[in-house]
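The values are calculated or read from the model by the stated rules, or taken from the named source; none is laboratory data. Source: prediction; values computed, not measured. In this analysis, Cβ positions are derived from the backbone assuming ideal geometry, glycine residues included, and neighbour counts consider all displayed protein chains.
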Amino acid sequence: MTVEGSTVAELSPHPETGVASAPRIHTKRGSRRLLRRIPRYSARQLIEAMAALILLVLLLPLMAVIAIAVKLSSPGPVLFRQERLGFRRQPFQIIKFRTMVVNNDDSIHRDYVRRQFLEEVPPDGGEPGLYKLAHDPRITRVGAFLRRTSLDELPQLWNVVRGELSFVGPRPVLAWEAELFPQEANRRFDVRPGITGLWQVSGRSRVDFRTALTLDVRYVETKSLRLDLWILLKTIRVVFDRSSAR
């Protein structure tokens with residue numbers, strides 16, 4: 001006997017008691033919905049997810065200290081969540097430690113990013129050779145330290161566990177930023193975004209946005225395990241290089 005979206009086994013007596021048992025209902029639709037919710041991992045994603053879980057456990061004491069510092073620095077939540085575009089432009093919620101005051105006005109930042117893409121010569125951020133806002137009033141004192149040391153990005157390990165980020169890949173961008181990209185930059189969405197990438201180890205804030213996109217596309221075209229390992233190793237050195245970590 002069948003019911004819409006389900007299969008019901010016929011009633012049959014128990015071989016010993018002779019009493020009919022309750023029918024078993026197999027819900028096909030429910031099973032399909034459950035399977036769709038389970039992330040599908042490639043071999044690389046499984047390895048990265050396990051590595052990210054181990055790192056989360058090992059870094060838990062440090063993250064607890066950071067969480068307390070963020071909470072004491074200014075009113076607001078410890079974690080910052082924001083929708084970004086990932087693999088094939090699929091939106092996901094990125095997680096970071098909060099580095100800015102809450103309810104801030106991002107119009108200055110949006111205007112600066114648009115100028116980076118639209119003006120013939122990309123403007124600096126207030127200091128020669130620096131392509132991000134040098135004196136962003138939205139950033140807290142603790143937030144400035146976390147950004148300088150990249151510690152604000154530690155919660156993104158959970159995004160790796162969820163399969164939304166890789167350790168290495170293009171920077172995950174906002175939807176309105178993607179609207180400014182030239183057509184040739186769309187290849188950057190052919191791979192999963194990463195916590196670090198070729199742009200981050202090539203100058204970070206010393207690289208303008210258009211050059212960063214070129215580096216993202218170059219990464220996609222030359223992607224390999226050897227390149228990923230090189231970027232990961234260089235990331236460690238770059239994090240401690242204050243000249244590019246603004």
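Any idea which residue in segment 184-195 is farthest from Phe117 (Cα to Cα), counting only those that are crowded, with 23+ Cβ neighbours inside 10 Å and free of Cβ contacts under 8 Å to residues at least 40 places away in the same chain? The qualifying residue farthest from Phe117 (Cα to Cα) is Gly194.
The number of residues in segment 169-197 that are part of a helix (DSSP H, G or I) and hydrophobic (A, V, I, L, M, F, W, C) comes to 5. Identify, please: which residue in segment 196-214 is of a type in the set (A, V, I, L, M, F, W, C) and in contact (Cβ under 8 Å) with a residue 60 or more places away in the chain and is, among those, farthest from Val113 (Cα to Cα)? Restricting to residues being of a type in the set (A, V, I, L, M, F, W, C) and in contact (Cβ under 8 Å) with a residue 60 or more places away in the chain, the top hit is Val207.
Hey, does segment 200-209 have a residue that's of a type outside the set (Val, Ile, Thr) and in a loop (DSSP other than H, G, I, E, B)? Yes, the conditions are met somewhere in segment 200-209. The condition (being surrounded by fewer than 20 Cβ atoms within 10 Å (Cβ to Cβ), farther than 14 Å from Ile95 by Cα and not hydroxyl-bearing (Ser, Thr, Tyr)) is satisfied by just one residue among Leu198, Leu233: Leu233. Screening the candidates Thr149, Thr211 for the property of being under 26 Å from Ala49 (Cα atoms) and in the same structural domain as Arg89 (by TED's automatic domain parsing) yields one hit, Thr149.
In segment 215-226, the residues that are more than 8 Å from Pro170 (Cβ to Cβ) reach residues that are loosely packed, with under 15 Cβ neighbours inside 10 Å with C-beta atoms within less than 7 angstrom, at least six apart or across chains, in these pairs: Val217/Glu184. Under 22 Å from the mean Cα position of the chain (by Cα), modelled with pLDDT of 85 or more, of a type outside the set (Gly, Ala, Ser) and under 24 Å from Leu146 (Cβ atoms): which single residue out of Phe87, Phe97 fits that description? Only one candidate passes the filter, namely Phe97.
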